[in-house]
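For reference, the structure discussed in these notes is given below.
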Amino acid sequence: MKETIILGIESSCDETSAAVVVGGRRVLSDVIASQIDLHKEYGGVVPEIASRKHVELIIPVIDSALKEAKISLEDVDGIAVTYGPGLVGALLVGVSAAKAIAAAMDKPLVKVHHIEGHIAANYITHTDLKPPYICLVVSGGHSHIVHVRDYLDFDVLGRTRDDAAGEAFDKISRVLGLGYPGGPAIDKQARNGNPDAYHFPRVRFDDGSLDFSFSGLKTAVINHVNQARQKGEELPIPDICASFQQAVVDVLVDHTVEAAKNSGVQTICLAGGVASNSLLRSAMEKRAKKEGIQALYPAPILCTDNAAMIAAAGYFSFSAGEFADLTLNAIPSLHIGEGHKSL
């Protein structure tokens, strides 16, 4: 029996990506054109520049993905594309390309939520993984604790009320002069620092919510840095990075493990750009093991924005017969789980 072949397209932020995935778990190709160097001088992603670059790259990237997979568009069973959330101009480039291919080749079009894509990255690295499980999705734009009840059934148990974890990393990195993106830069510095050098705040809401808040932590670190500079004091950057990173990781791990225990599941997965953070991975593994819970995470390349995860997520929608028509539009603010038949 022929396995389903999905062409995935991702353009929600500053990576233009196309991939070919078989059966939702086996990657034949995953081509990623990153714009990090383009946005570095601005200290973050400039939406207009990102959109223009996506227009320039989208067709060559799709061609490369097909060539690397050694297939043609005729061999593809469906086209999966990120339609939200993300930068509207960037999303529109991918959505327009996917609709054009679907129409020209008379192939089913599948819409994919970006966060659901990040979650699905775990199916590629861990080919025997099945729901239910808890997934912590942490990136520059998102901090979610999601109860994955089934492949297309998601329940958000916690989310950020202000800054996402990755956003906080980027802002602290900028203040410390470490550049963009902030996550890898802070992670690198923190390895030579003392995580107990400073006690930065860890927020827990009085209502017992598992939601996150990183704005107070970000402000505390920035205030400490500014005060030290005003006094002419030397900044122990590795110690500041280690202490800041420890505060973020402590909250992420505590809330996620609590969500798993409350939900009665035996597996925790990580997803998103911050999921490649070395401290988060080791701390989650250690804490989960102590609680008798398995901790899994995708390969580092699958933590960044990529089309393989979109194709993987798209496979499950395709299998459920959830197809979009050619009126599909980009939705920059989109809640996880929206658009599925079960809702």
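The values are calculated or read from the model by the stated rules, or taken from the named source; none is laboratory data. Here the structure is a predicted model, which means the values were calculated and not measured. So basically every Cβ, Gly included, is an ideal-geometry build from the backbone, and we count neighbours across all protein chains shown.
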Item to complete: Determine if segment 138-156 includes at least one residue that is modelled with pLDDT under 95, assigned to a helix (DSSP H, G or I) and under 19 Å from Asp37 (Cα atoms).
Response: no
Only one of Ser319, Ser333, Ser282, Ser276 is out of contact with any strand residue (DSSP E or B) (no Cβ under 8 Å at 6 or more places or on another chain), on the phi < 0 side of the Ramachandran plot, in contact (Cβ under 8 Å) with a residue 12 or more places away in the chain and surrounded by fewer than 18 Cβ atoms within 10 Å (Cβ to Cβ), namely Ser319
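Hey, any hits in segment 205-219 for a residue that's surrounded by 17 or more Cβ atoms within 10 Å (Cβ to Cβ), aliphatic (A, V, I, L, M) and within 27 Å of the chain's Cα centre (by Cα)? Break it down into steps so the answer makes sense when it comes.
Of the residues in segment 205-219, the ones surrounded by 17 or more Cβ atoms within 10 Å (Cβ to Cβ) are 210-214, 217-218.
Pick out the ones that are also aliphatic (A, V, I, L, M) and you get 210, 217.
Of the ones still in play, those that are also within 27 Å of the chain's Cα centre (by Cα) are 210, 217.
Yes, segment 205-219 contains at least one residue that is surrounded by 17 or more Cβ atoms within 10 Å (Cβ to Cβ), aliphatic (A, V, I, L, M) and within 27 Å of the chain's Cα centre (by Cα).
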Those residues of segment 35-56 which are loosely packed, with under 15 Cβ neighbours inside 10 Å and either within 16 Å of the chain's Cα centre (by Cα) or closer than 21 Å to Ala121 by Cα (or both) amount to Ile36
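If you take the residues in segment 126-144 that are hydroxyl-bearing (Ser, Thr, Tyr) and more than 15 Å from the chain's Cα centre (by Cα), which one is farthest from Gly314 (Cα to Cα)?
Just the residues of segment 126-144 that are hydroxyl-bearing (Ser, Thr, Tyr), to begin with: 127, 133, 139, 143.
Retained after the next criterion (residues that are more than 15 Å from the chain's Cα centre (by Cα)): 127, 133.
Numbers: Thr127: 16, Tyr133: 19 Å.
So, considering only residues that are hydroxyl-bearing (Ser, Thr, Tyr) and more than 15 Å from the chain's Cα centre (by Cα), the one farthest from Gly314 (Cα to Cα) is Tyr133.
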Of the residues in segment 121-141, those that are in contact with a Pro (Cβ under 8 Å, 6 or more places away or on another chain) and either of a type in the set (Gly, Ala, Ser) or more than 14 Å from Thr267 (Cα to Cα) (or both) come to Ala121, Ile124, Thr125, Gly140, Gly141
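Okay, residues lined up against (1) at pLDDT 95 or above; (2) more than 24 Å from the chain's Cα centre (by Cα):
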| residue | (1), (2) |
| --- | --- |
| Glu234 | no, yes |
| Cys241 | yes, no |
| Ala247 | yes, no |
| Leu252 | yes, no |
| Lys261 | yes, no |
| Gly264 | yes, yes |
| Ile268 | yes, no |
| Ala271 | yes, no |
| Val274 | no, no |
